[in-house]
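These notes are about the structure you will find just below.
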Amino acid sequence: MPILFEFSDQSFLPKTLRQIVHGILHITERPPFGKYVLLLTDKIIKIATDLKEEISVVELGAGDAPLTEELMKRPESRSFTFIPCDLRPDIKRFNNIAQSNPSRVKPIYDPVDFSQITPISNQALYVCSGAFHHLNANQKDEFIKRIKEMKRPTIISEPLRHNLLNYIRSLLGFIPALLYPFFSIQQKRFIPAIFWCWIVPFAPIIFVWDGLISAIRIWTEDRWRQELQKASIDTKDYEIQTTDHYQYVLIYCTSQDFKLTSTRLFR
């Protein structure tokens, strides 16, 4: 096991503990702790609208499918369909979301290693949120290669950045982790949340550790440009935007000459 490992990547992590760690991440990406999911959802809608197709949003490495859940709430996305998938799919969570609108939400219940992704839909908008940094170097190269070959727009985004501010922010992750049981009631996870956050507080420790390691493993913007150049992806075929805390990379690589019809995505 490498030194810079994340507990959430390990198969030995108990299922209930993994769910609680995902749950903590779920609340930190939304108000009052953050706006990551809301801002990324806005960007997905903008791209999908400009594509002028009946888009299928494929949520890669979906975890508990936060983007699918948020997009379902937006009236602008009523023509979209959604395909959440994960290497360790949360079957119960996927089912709950799918049951709310089975004609539009079509989860993949088999494990999907997105580093080995093959085309899922001819009208796919692939979204890899908070998952790319989990891949090793060879898997990252392979994923970028496959994106280029699939010729569909792909968003790769991270709720952290590789800098000191986000290392500190990760260390403060114990605060929402300790508060999570109060948020878990509506998710029907209150008892396991009490156990893993307060009685045997592994969840806060894991959340802080994984957050810090994530911030260390995330590529800088310069590294992204170097790797995309190495993959022979022209500068006109991708965009990078960062905020204080978040990072977004949009890779076009479409079979047609797609560019946003209004303004560039991040301008």
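Using the structure shown, decide if residue 88 is surrounded by fewer than 17 Cβ atoms within 10 Å (Cβ to Cβ) and farther than 22 Å from residue 125 by Cβ.
Spelling it out, residue 88 is indeed surrounded by fewer than 17 Cβ atoms within 10 Å (Cβ to Cβ) and farther than 22 Å from residue 125 by Cβ.
Looking only at segment 45-55, how many residues end up being farther than 16 Å from residue 104 by Cα and not in a loop (DSSP other than H, G, I, E, B)?
Qualifying residue count for the region: 5.
Out of (1) out of contact with any Phe, Trp or Tyr (no Cβ under 9 Å at 6 or more places or on another chain); (2) assigned to a loop (DSSP other than H, G, I, E, B); (3) on the phi < 0 side of the Ramachandran plot, what's the single condition that is false for residue 38?
So the condition that residue 38 fails would be (2).
Mind listing whichever residues of segment 181-217 are under 18 Å from residue 163 (Cβ atoms) and of a type outside the set (S, T, N, Q)? Quick ask: steps written out before the conclusion?
Step one: filter segment 181-217 for residues under 18 Å from residue 163 (Cβ atoms), giving 208, 210-217.
Across segment 181-217, the qualifying residues are 208, 210, 211, 212, 213, 215, 216, 217.
Checking residue 12 against (1) without any contact (Cβ under 8 Å) to a residue 60 or more places away in the chain; (2) under 19 Å from residue 108 (Cα atoms); (3) in a loop (DSSP other than H, G, I, E, B), which test does it fail?
Of the numbered conditions (1) without any contact (Cβ under 8 Å) to a residue 60 or more places away in the chain; (2) under 19 Å from residue 108 (Cα atoms); (3) in a loop (DSSP other than H, G, I, E, B), the odd one out for residue 12 is (2).
Looking at segment 102-134, which of its residues are within 21 Å of residue 144 (Cβ to Cβ) and of a type in the set (S, T, N, Q)?
Result: 115, 116, 118, 121, 122, 129.
Given the conditions (1) modelled with pLDDT of 95 or more; (2) surrounded by 16 or more Cβ atoms within 10 Å (Cβ to Cβ); (3) in a helix (DSSP H, G or I), report the number of the one that residue 58 does not fulfil.
In the conditions (1) modelled with pLDDT of 95 or more; (2) surrounded by 16 or more Cβ atoms within 10 Å (Cβ to Cβ); (3) in a helix (DSSP H, G or I), residue 58 misses (3) alone.
Please state which one of 107, 111, 102 is part of a loop (DSSP other than H, G, I, E, B) and in contact with a strand residue (DSSP E or B) (Cβ under 7 Å, 6 or more places away or on another chain).
107
Taking the stated definitions as given, is residue 64 buried (at least 16 other Cβ atoms within 10 Å of the Cβ), within 19 Å of residue 131 (Cα to Cα), of a type in the set (D, E, K, R) and touching a Lys or Arg at 6+ places or on another chain (Cβ under 6 Å)?
On the way: buried (at least 16 other Cβ atoms within 10 Å of the Cβ): yes; within 19 Å of residue 131 (Cα to Cα): yes; of a type in the set (D, E, K, R): yes; touching a Lys or Arg at 6+ places or on another chain (Cβ under 6 Å): yes.
For residue 64, the condition - buried (at least 16 other Cβ atoms within 10 Å of the Cβ), within 19 Å of residue 131 (Cα to Cα), of a type in the set (D, E, K, R) and touching a Lys or Arg at 6+ places or on another chain (Cβ under 6 Å) - is met.
Filter segment 188-228 down to the residues that are of a type outside the set (A, V, I, L, M, F, W, C), crowded, with 19+ Cβ neighbours inside 10 Å and in contact with a Lys or Arg (Cβ under 9 Å, 6 or more places away or on another chain) and list them by number.
Answer for segment 188-228, where residues must be of a type outside the set (A, V, I, L, M, F, W, C), crowded, with 19+ Cβ neighbours inside 10 Å and in contact with a Lys or Arg (Cβ under 9 Å, 6 or more places away or on another chain): just 211.
Would you be able to tell me the number of residues in segment 172-189 that are in contact with a helix residue (DSSP H, G or I) (Cβ under 6 Å, 6 or more places away or on another chain) and either in a helix (DSSP H, G or I) or without any contact (Cβ under 8 Å) to a residue 24 or more places away in the chain (or both)?
7
Is at least one residue of segment 178-189 under 25 Å from residue 92 (Cα atoms), of a type in the set (A, V, I, L, M) and at pLDDT 95 or above?
yes
Could you list all residues from segment 15-35 that are under 15 Å from residue 208 (Cβ atoms) and assigned to a loop (DSSP other than H, G, I, E, B)?
Within segment 15-35, 33 is the sole residue that qualifies.
Pairs only if they're at least six apart or on different chains, beta carbon under 6 angstrom, first in segment 219-246 and over 27 Å from residue 28 (Cα atoms), second in a loop (DSSP other than H, G, I, E, B) and of a type outside the set (A, V, I, L, M); list them, first residue then second.
Sorted first by the residue in segment 219-246, then by its partner, the pairs are 237/252; 237/253.
With respect to the numbered conditions (1) closer than 18 Å to residue 248 by Cα; (2) modelled with pLDDT of 95 or more, which one is the sole condition not fulfilled by residue 109?
In the conditions (1) closer than 18 Å to residue 248 by Cα; (2) modelled with pLDDT of 95 or more, residue 109 misses (1) alone.
The values are calculated or read from the model by the stated rules, or taken from the named source; none is laboratory data. Quantities reported herein were computed from a predicted structural model and do not represent experimental measurements. We place every Cβ from the backbone using ideal geometry, glycine too, and count neighbours over all the protein chains shown.
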